[in-house]
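Following: one structure in structure tokens, then a few remarks.
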Amino acid sequence: DLAWQNLVHKHGAPSGIGSDSHQQGFAVVAYGKLGGIELNYHSDLDMVFLYKCAENGMTLGPRSLNNQLFYTRLGQRVIPFLTTNPTQA
């Protein structure tokens with residue numbers, strides 16, 4: 001949600017997802033040991049990002065982006081949240 005709010009503030013919400021700001025049209029699916037919560041030091045992180053929006057749309061903000069680029073940047077910003085150890089923060 002933090003990554004979403006930051007991008008929406010900067011570029012506006014993607015077109016075609018509805019007017020409800022809680023409908024982000026974005027999901028993270030984890031496979032393998034990450035999905036089974038069996039991570040160890042040698043585990044790799046297998047994740048797939050899924051999004052739903054207008055195919056050729058743009059964000060609805062002052063610094064507009066293509067919807068696909070918006071969701072690409074969202075995925076890039078979500079990864080650090082998922083890989084940071086909260087006990088070391």
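Can you tell me which of (1) open to solvent by 90 Å² or more (accessible area, probe 1.4 Å); (2) at pLDDT below 90 is the one Y51 doesn't meet? Evaluating Y51 over (1) open to solvent by 90 Å² or more (accessible area, probe 1.4 Å); (2) at pLDDT below 90 leaves (2) as the failure. From the list G16, G61, the lone residue that is at pLDDT 85 or above and not aliphatic (A, V, I, L, M) is G61.
The values are calculated or read from the model by the stated rules, or taken from the named source; none is laboratory data. Since this is a predicted model, take the numbers as computed values, not measurements. Protein only, heavy atoms only, side chains kept; ligands, DNA and RNA dropped before computing areas. Shrake-Rupley method; radii C 1.70, N 1.55, O 1.52, S 1.80 Å.
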